[in-house]
Amino acid sequence: MADRQLSAPLVSVNIPCYRQLDRLRRCLQSVLAQTLQDFEVTLLDDGASDEYRDYAASLGDPRVRYQRNPIRLGAMQNMFAAIAAGRGRYTIAFHEDDLFGASYLETACRLLDADPSCGFVAAEMTAFDREPTAVELARPIDPATIDRYPDGAAFVRGLLSGVNPMFGSVVYRRAAVDGVVPQHEVYATLVDRPFLLTILEKWSGAVVRDRAVWYRAHGEDDARHLAMTPEHILRLLGRYRAALPATLTDEDRRLFYDFSGYWLFTLYRLAAPAGRSSLRRFVMRAWRDGLYNPRWSRGCGRKRLLALMLTGR
């Protein structure tokens, strides 16, 4: 690894916490089992829980410390507070109910050390209901599965093609996030990808496509997106479109409208019903703004659009 200050760890692993101590214990086991051991861990407690404080003290590990938020931040605000926490050259905000593969931190930090222009390394989402086995967690990451993105346009093309980086897996170069302000009011719960795109205005990025980080599935009752409105969805798609060239190639056009034709409707269904305009109005607005085109969309093409116009839903 590159030379670094001895007074600070290489990477800060910051874990936003809220009343899931049993899962936090398992998560922290996966952190402490990393092949790279030059890290610190901060538990950012958003629930004022003495149990978290006592658990951190019981470990007797000077790398693990407990930090209680003075006021309740909420899940998304606590996540972004976690990104900024710690002293390491690199930093990650990691969900307390998720699991690291054993070599993930070493892989991410080696990529960042080797390429000073790289602002972040993420891992593609691997959702689980059944916990991965010890063998799965210990399996080395294949270097051939790492995709690199020199700019926002390349990253958006990756997203449109199905690359699905997990926000809680992102290891940031701390210098790359300095001064980057998440636009919560603009994107609500969709703020994570625009945040990464802002970093890519000055830095490059990378995504590990191999199974490296495991995300615990939340089920159909997951209410995380209830703060999202149709306006937030259109702003997200608009941000993706703005990252691409003004004149789209046929390939970019196919990728973008295939993607928007699916996600317009999927995200609309996740938004709180009380905050939704009619589906017809929403789709027509997206079409008018150049964010949807049934001619190019396999997710919702002309037949689906005609049904929409007839039913108004």
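Structure values in brief
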item: Gain upon complete extension [Ser7, Ala75; 0.36 nm per residue less C-alpha separation]; result: 21.4 nm
item: Accessible surface ranking that places the most exposed of Trp287, Trp203 first, with a 1.4 angstrom probe; result: Trp287, Trp203
item: Simple Cβ-charge dipole of the chain, Lys/Arg +1 and Asp/Glu -1, about Cα centre, in debye nearest 20; result: 1480
item: Using θ = phi - 60° and Karplus 6.51 cos²θ - 1.76 cosθ + 1.60, couplings along the range 122-132 (whole Hz; Gly, Pro as x); result: 10, 10, 5, 5, 10, 7, 9, 9, 8, 4, x
item: Relative contact order %, the chain, counting alpha carbon pairs below 8 Å whose residues are six or more apart; result: 17
item: Gain on full stretching of the segment that runs from Ala154 to Ala48 - 0.36 nm per residue minus C-alpha separation; result: 34.0 nm
item: Mean Cα-pair separation over length for the range 123-263, i.e. relative contact order, pairs under 8 Å, 6 or more apart, %; result: 42
item: Structure-based [θ]222 nm, the chain - -39500 (n - 2.57) summed over DSSP H runs of at least 4, per residue, nearest 500; result: -12000 deg cm²/dmol
item: Antiparallel %, DSSP beta bridges [both residues in the chain], to 5; result: 35
item: The range 144-164 residues near the modelled Gln183 label - backbone nitrogen below 17 Å, point 7 Å along Cα→Cβ; result: 152-153, 156
item: Potential extension, Met284-Thr247 segment - 0.36 nm per residue separation minus Cα distance; result: 11.2 nm
item: Accessible-area composition of the chain, carbon plus sulfur, in percent [1.4 Å probe]; result: 53
item: 1.4 Å probe accessible area per residue over the chain, in Å²; result: 47
item: Hull shadow area, averaged, the chain [alpha-carbon convex hull, nm²]; result: 17.1
item: Computed E for Ala274/Ala114 - FRET, C-beta separation, R0 41 angstrom, nearest 0.05; result: 0.25
item: Charge dipole (the range 7-60, unit charges on Cβ, about Cα centre) - positive-most of Gln34, Leu59, Ile15; result: Gln34
item: Rounded to whole Hz, the Karplus (6.51, -1.76, 1.60) HN-Hα couplings of the range 102-107, x for glycine and proline; result: 4, 9, 5, 4, 4, 4
item: Rg/Rg_globular for the range 15-152, with Rg_globular taken as 2.2 N^0.38 Å and Rg from C-alpha atoms; result: 1.08
item: Long-range amide H partners of Phe120 with built H, under 5 Å; result: Arg173, Ala206
item: Rounded, prolate or oblate (a/c below 1.5 giving rounded, otherwise prolate when a/b exceeds b/c) for the range 98-201 by Cα gyration tensor; result: prolate
item: Ordering of 242-250, 113-121, 9-17 by burial proxy (mean other Cβ atoms within 10 Å per residue, highest first); result: 9-17, 113-121, 242-250
item: Amide H contacts of Cys17 (H built 1.01 Å from N, under 5 Å, at least 5 apart or other chain); result: Leu44, Asp45, Asp46
item: Percentage relative contact order, the range 42-151, counting C-alpha pairs under 8 Å, at least six apart; result: 20
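The values are calculated or read from the model by the stated rules, or taken from the named source; none is laboratory data. Note that this is a predicted model, so its numbers are computed, not measured. For neighbour counting, all protein chains shown are included, and Cβ atoms are generated from backbone atoms with ideal geometry for every residue, glycine included. Note: accessible area is taken over every heavy atom of the protein model, side chains too, but ligands, DNA and RNA are not part of it. Shrake-Rupley method; radii C 1.70, N 1.55, O 1.52, S 1.80 Å.
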